[in-house]
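Q: The structure follows.
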Amino acid sequence: MNFIAAALTFKPIVSILYERNILETTVYMGQLLKDVAFRVDALSAFFIMIICGVGLLGTIYSKKYLEPYIEQGKKLGSHLFLFNVFLASMLLVVMSQNIIFFLISWELMSFSSFLLMIFEHEEKEVRQSGINYLITMHVGVMFLVVGFILMYLKTGSFDFSAFEGKISELVFAIMFIGFGIKAGFVPLHSWLPKAHPVAPTHISALMSGVMIKTGIYGILRMLLYMGKPTITVSYCVLLVGLASAFFGILYAVAQRNYKKMLAYSSIENIGIITTGMAVAMLGLAYNNFIMTMFGFLGCFLHILNHSIFKTMMFFNAGAVYTQTHTKDMEKLGGLVKPMKNTAILFLLGSLAISALPPFNGFISEFLIYIGFLTSFSTQNYFLYTIIIAAFGIIAFVGAMALIAFTNAFSIIFLGSPRTEKAQHVKEDVSIFMQLPIIVLAFCSLVIGLFPQRYIDLVVAPVQQFIPFSVPYELLTVISIFNITLCVVILIIIGLRALLLRGRTVEHRETWGCGYQYPTAKIQYSANSFTRPFLGFLTPFYKRELNFTQIKELFPQKTSFKSRIIDIFEYYIIKPIVIVDEFIISKFYWIQSGHTQRYLIYGVVFLIVAIALLIGGKI
Amino acid sequence: MTFLTVLLLPFLFIGLINKMKAVYVGKQGAPILQPYYDFFKLIKKGEVLSDTSSFVFKIAPSINLACTIVAAIILTLLNFNGDFILFSYVLALGKFFSVIAAMDTGSSFEGMGASREVSYTSLVEPAFFIIIGSVAALSGIHSFRNLYALIQIHNEIVILISLLAIFALFMMILIEGSRVPIDDPKTHLELTMIHEVMVLDNSGVDLAFIHYASAMKMLLFSTLIANIICPQFWWAYWLVLLVIAFLIATIESIGARIRLTHIIEYTFVMISVALIVMSLVLLVMHGGHIA
């Protein structure tokens, strides 16, 4: 086991070294090793691989991405320093096996990401989202602290290894919420769609591609020590997973800010990952180990895949933002002409993220589906009902992902430019910004075409949970089909080229039913594209309409605004905040602003403390 | 055998439907082979491309056709665990490209069609998966073969399940093939169409590919139904295809298309049928009557 782990960590360690060389940072990890347990097992190594891979690409990407800011005269020193702190803290989180040190690195991770996020802190929106993020993270930490205190009381040890088999349902639930806030489970996700759009792209890529996975890491770590989960817990996890997937992608469809759309799509993917985990947990609970195997394989592979294609999509989004300076899809359009390479890469990313073959996203979803199917060998009717329903929901989520990403791709890149912002784009981003995206696109395609080879990346962490033999035959079949698909596509495209050879191919304006003077404004917008679909899911979101009705005979000017509101934020988070504010407002008098009064507080505190001390002694 | 049928005869299927429709209204109608003539005529032509369009518009019809062919290979030639997942996702890939190709022209009509297409077909996949998932739970086989094995189980409720599954699949043919009552292949009024309006700007070889792919898609779902009803005899397969063509022609002759805003109700009927299949499966398994 250790040998596999060592073999696996070889690569990550190389890349850590590689990274240090590039960045010339002081990511130095030896000092704390002495007093704190610090193990890298297969589970940690898997996450280290992701952190290092995405971190490296993010570094390359940020160089060009930040250039315009340097020209504006922005100081980048602290930003780059914090970037390294952030990477290091994530590595520490997945490596440290000690309660205190884990929490320190966890806090360091939250705090450094907060500071990185408010890079453009001059803007009010950025500061607001930043504070929101910081507070939400600390609510999460509170749960973690409670969970860890309970564990400490039970085991009397700060070391994780003492938890083995001692994690109760209650602790797991508390931890699940604590880690879930970081991971962005519905309904704890409200920070995510606020934080990602305001952060600089390489940071949102890292946050979405990697950081939220540390939440999943925490849950998996707890699961590892929990041993056999109970049936109820497993169903709850399944429910959370399905809800996150469903609501995440539903709100992704409704967004017109493309970075927000990607943030919601992260929630969806976290939901799919959690669904895979839940399938595995159900397998453990019902002693159906084949199911566990497929569930975990799907879960881990999707963690890897999501970090690949989500990073890729954020990088693409950043490329669009650098050229157009707007995050609003409705203001774009027609970018495929000046930014052809970015368009192709965005298209590949969209295909991968919609889990379509022959890309990597399909492989992991396929494994989760197979996990569902293998549950049918357990004789339990309740399980059947839930699994078949989950089957349908995940299929629906797939269909919605298709809507979300066809929408994003076509509104941003296709058609003709909707505003001047899109018209003025003359050239694509530099090759250095595209290089990391090309690498990721390549990974995504290669994993999709040869899953039987790359499944080995996730085998070791899964084998920590249960021993199994890898289903290579099934993956080989998928691999053959994916390759066939590519070959057939190439043949047909070749056939088309052959048929058209020597024939006239004319270019005319788009058919407008005889109308000769179309403008860019009559194109379908993102809002109108998704309207019929969202129309029949009205119970699941809240639409705020704001428009002035036409009253006079000769109306002068009218406007129409519509906004989709997250129901979880509106019905759950908002009331909590209001109640909280009300309670806290009762204590305002304590902080009066008079130094004299604060001195009295100090004196009173001292007297009480001394009295208690003396009283305790006697 | 089935593969060759699906590959070569989709236009015959369409031609048959058109002929039957013509006979229904007392016309002589175009020859049954007319779709073939159209196809070869289009194949010989050059193309007119929109100024607004990009590479997406050029490759999308070919990719769509390729996906349909691969789906045909999956359905007819091989059997493996989870083949229906691959089948449905490969078709989704084709749909992805046909949608972005429609959006590529920047035409509001095509945008309309694309938007409707993704909205109305979004419930096909879940319904399909719920049905196959339920039947997989019943038969313990995790591929298309579970549907074929259904008829061998002699049990009253199982027959009911097969009938409902067939009904839902038939509804899927009408949605995926854009037939009445969802969409009318005859109409040429852009505002009311779904599939036809998405391909307004395609011409020549691309249009031929699109027609071929959509005809093949219909034949694929029909093949699925035929295999459920009678997987053993080859003549039964042809008979079932004939019956399906007849049914489609009948529906198109005697019925009108439903209003766009009501299509969603139709798709929810499909989902409900799928859920009924699921509950019946659970009933059968719980009753222990399974042979």
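Q: Of the residues that sit in the range B:113-142 and are more than 19 Å from the chain's Cα centre (by Cα) and more than 7 Å from every other protein chain (Cβ to nearest Cβ), which one is surrounded by the fewest Cβ atoms within 10 Å (Cβ to Cβ)?
A: The residue in question is B:I141.
Q: Just checking, does the range A:501-509 include any residue being away from every other protein chain (no Cβ under 14 Å) and farther than 27 Å from A:N407 by Cβ? Walk me through how you get there before you give the answer.
A: Initially, the range A:501-509 is screened for residues away from every other protein chain (no Cβ under 14 Å), giving none.
No, every residue in the range A:501-509 fails to be away from every other protein chain (no Cβ under 14 Å) and farther than 27 Å from A:N407 by Cβ.
Q: Condition check: of a type in the set (V, I, T) and more than 30 Å from A:A520 (Cβ to Cβ). Does A:V425 satisfy that? Explain how you work it out, then say what you get.
A: Details: of a type in the set (V, I, T): yes; more than 30 Å from A:A520 (Cβ to Cβ): no.
In short, no.
Q: Same structure again: Take the residues in the range A:142-171 that are surrounded by fewer than 21 Cβ atoms within 10 Å (Cβ to Cβ), out of contact with any strand residue (DSSP E or B) (no Cβ under 7 Å at 6 or more places or on another chain) and of a type in the set (F, W, Y); name whichever of them is farthest from A:Y258 (Cα to Cα).
A: Looking at residues that are surrounded by fewer than 21 Cβ atoms within 10 Å (Cβ to Cβ), out of contact with any strand residue (DSSP E or B) (no Cβ under 7 Å at 6 or more places or on another chain) and of a type in the set (F, W, Y), I get A:Y152.
Q: Now for a different question. Report yes if some residue within the range A:587-604 is among the charged types (D, E, K, R), more than 31 Å from the chain's Cα centre (by Cα), surrounded by 11 or more Cβ atoms within 10 Å (Cβ to Cβ) and at pLDDT 85 or above; otherwise report no.
A: The initial filter retains those residues of the range A:587-604 that are among the charged types (D, E, K, R), namely A:597.
Subsequent filtering for residues that are more than 31 Å from the chain's Cα centre (by Cα) retains A:597.
From the residues that got through so far, the ones that are surrounded by 11 or more Cβ atoms within 10 Å (Cβ to Cβ) too are A:597.
Okay, now just the ones that are also at pLDDT 85 or above, so A:597.
Looking for residues that are among the charged types (D, E, K, R), more than 31 Å from the chain's Cα centre (by Cα), surrounded by 11 or more Cβ atoms within 10 Å (Cβ to Cβ) and at pLDDT 85 or above, one finds at least one in the range A:587-604, hence yes.
Q: While we're here: Say whether the condition of being more than 29 Å from A:E365 (Cβ to Cβ) and either in contact (Cβ under 8 Å) with a residue 12 or more places away in the chain or outside any loop (DSSP other than H, G, I, E, B) (or both) is met by at least one residue in the range A:455-465. Give the derivation first.
A: So in the range A:455-465, the residues more than 29 Å from A:E365 (Cβ to Cβ) come out as none.
Checking the range A:455-465: not a single residue is more than 29 Å from A:E365 (Cβ to Cβ) and either in contact (Cβ under 8 Å) with a residue 12 or more places away in the chain or outside any loop (DSSP other than H, G, I, E, B) (or both).
Q: Another question, then. Any idea which residue in the range B:51-66 is nearest to A:T484 (Cα to Cα), counting only those that are more than 7 Å from chain A (Cβ to nearest Cβ) and in contact (Cβ under 8 Å) with a residue 12 or more places away in the chain? Can you show your working first?
A: Quick first cut of the range B:51-66, residues more than 7 Å from chain A (Cβ to nearest Cβ) only: B:53, B:55, B:57-58, B:60-61, B:64.
Checking which are in contact (Cβ under 8 Å) with a residue 12 or more places away in the chain leaves us with B:53, B:57-58, B:60-61, B:64.
On the way: B:S53: 28, B:F57: 23, B:K58: 21, B:A60: 18, B:P61: 18, B:N64: 14 Å.
Only one residue tops the list, namely B:N64.
Q: Ok, one more. Looking at the range A:363-378, can you tell me whether even one residue there is within 28 Å of A:T484 (Cα to Cα), β-branched (V, I, T) and at pLDDT below 90?
A: Yes - at least one qualifying residue is present in the range A:363-378.
Q: Then there's this: Return a yes/no flag: does the range A:530-538 have any residue that is more than 10 Å from every other protein chain (Cβ to nearest Cβ), assigned to a helix (DSSP H, G or I), touching a Lys or Arg at 6+ places or on another chain (Cβ under 9 Å) and among the β-branched types (V, I, T).
A: no
Q: Taking only pairs six or more apart or across chains, which ones have beta-carbon atoms under 6 Å, a first residue in the range A:601-618 that is over 25 Å from A:Q591 (Cβ atoms), and a second residue that is modelled with pLDDT of 90 or more?
A: none
Q: Tell me, which residue of the range B:239-290 that is of a type outside the set (A, V, I, L, M, F, W, C), part of a helix (DSSP H, G or I) and under 30 Å from A:Y381 (Cα atoms) is nearest to the other protein chains (Cβ to nearest Cβ)? Lay out the reasoning, then the answer.
A: Here is the first cut: in the range B:239-290, the ones of a type outside the set (A, V, I, L, M, F, W, C) are B:250, B:252-253, B:255, B:257, B:259, B:261-262, B:265-267, B:272, B:279, B:286-289.
If we keep only those that are part of a helix (DSSP H, G or I) as well, we get B:250, B:252-253, B:261-262, B:265-267, B:272, B:279, B:286-287.
So of that shortlist, the ones also under 30 Å from A:Y381 (Cα atoms) come out as B:265-267, B:272, B:279, B:286-287.
On the way: B:E265: 9, B:Y266: 12, B:T267: 9, B:S272: 12, B:S279: 8, B:H286: 6, B:G287: 11 Å.
Among residues in the range B:239-290 that are of a type outside the set (A, V, I, L, M, F, W, C), part of a helix (DSSP H, G or I) and under 30 Å from A:Y381 (Cα atoms), the one nearest to the other protein chains (Cβ to nearest Cβ) is B:H286.
Q: What are the residues in the range A:384-403 that are buried (at least 22 other Cβ atoms within 10 Å of the Cβ), within 7 Å of another protein chain (Cβ to nearest Cβ) and not aromatic (F, W, Y), if any? Walk me through it before giving the result.
A: Of the residues in the range A:384-403, the ones buried (at least 22 other Cβ atoms within 10 Å of the Cβ) are A:384, A:387-388, A:390-392, A:394-403.
Next, only the ones that are within 7 Å of another protein chain (Cβ to nearest Cβ) stay: A:384, A:388, A:391-392, A:395-396, A:398-400, A:402-403.
Hits for the range A:384-403 are A:I388, A:G392, A:A395, A:G398, A:A399, A:M400, A:L402, A:I403.
Q: I've got another one for you. Considering the range B:252-279 alone, what residues qualify as being within 30 Å of B:A137 (Cβ to Cβ) and small (G, A, S)?
A: If the condition is that a residue be within 30 Å of B:A137 (Cβ to Cβ) and small (G, A, S), then B:S272, B:A274, B:S279 are the ones that fit.
Q: What number of residues within the range A:298-348 satisfy the criterion of being touching a residue at least 60 places away in the same chain (Cβ under 8 Å), farther than 30 Å from A:I363 by Cβ and basic (K, R)?
A: 2
Residue by residue, here is whether (1) under 21 Å from the mean Cα position of the chain (by Cα); (2) part of a loop (DSSP other than H, G, I, E, B); (3) more than 24 Å from B:T121 (Cα to Cα) holds:
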position: A:P338; (1), (2), (3): no, yes, yes
position: A:N341; (1), (2), (3): no, no, yes
position: A:I368; (1), (2), (3): yes, no, no
position: A:T374; (1), (2), (3): no, no, yes
position: A:I388; (1), (2), (3): no, no, no
position: A:V397; (1), (2), (3): yes, no, no
position: A:I411; (1), (2), (3): no, no, no
position: A:G415; (1), (2), (3): no, yes, no
position: A:V425; (1), (2), (3): no, yes, yes
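Q: Same structure, new question: Just to check your reading of the model, which residue among A:L474, A:L440 is assigned to a helix (DSSP H, G or I), more than 10 Å from every other protein chain (Cβ to nearest Cβ) and either buried (at least 16 other Cβ atoms within 10 Å of the Cβ) or within 32 Å of the chain's Cα centre (by Cα) (or both)?
A: On the way: A:L474 fails: more than 10 Å from every other protein chain (Cβ to nearest Cβ).
Being assigned to a helix (DSSP H, G or I), more than 10 Å from every other protein chain (Cβ to nearest Cβ) and either buried (at least 16 other Cβ atoms within 10 Å of the Cβ) or within 32 Å of the chain's Cα centre (by Cα) (or both) holds for just one of A:L474, A:L440, which is A:L440.
The values are calculated or read from the model by the stated rules, or taken from the named source; none is laboratory data. Everything numeric in this text was worked out from a predicted model, so none of it was measured. A quick note on method: Cβ atoms are made from the backbone with ideal geometry, for glycine too, and the neighbour counts reach across all protein chains shown.
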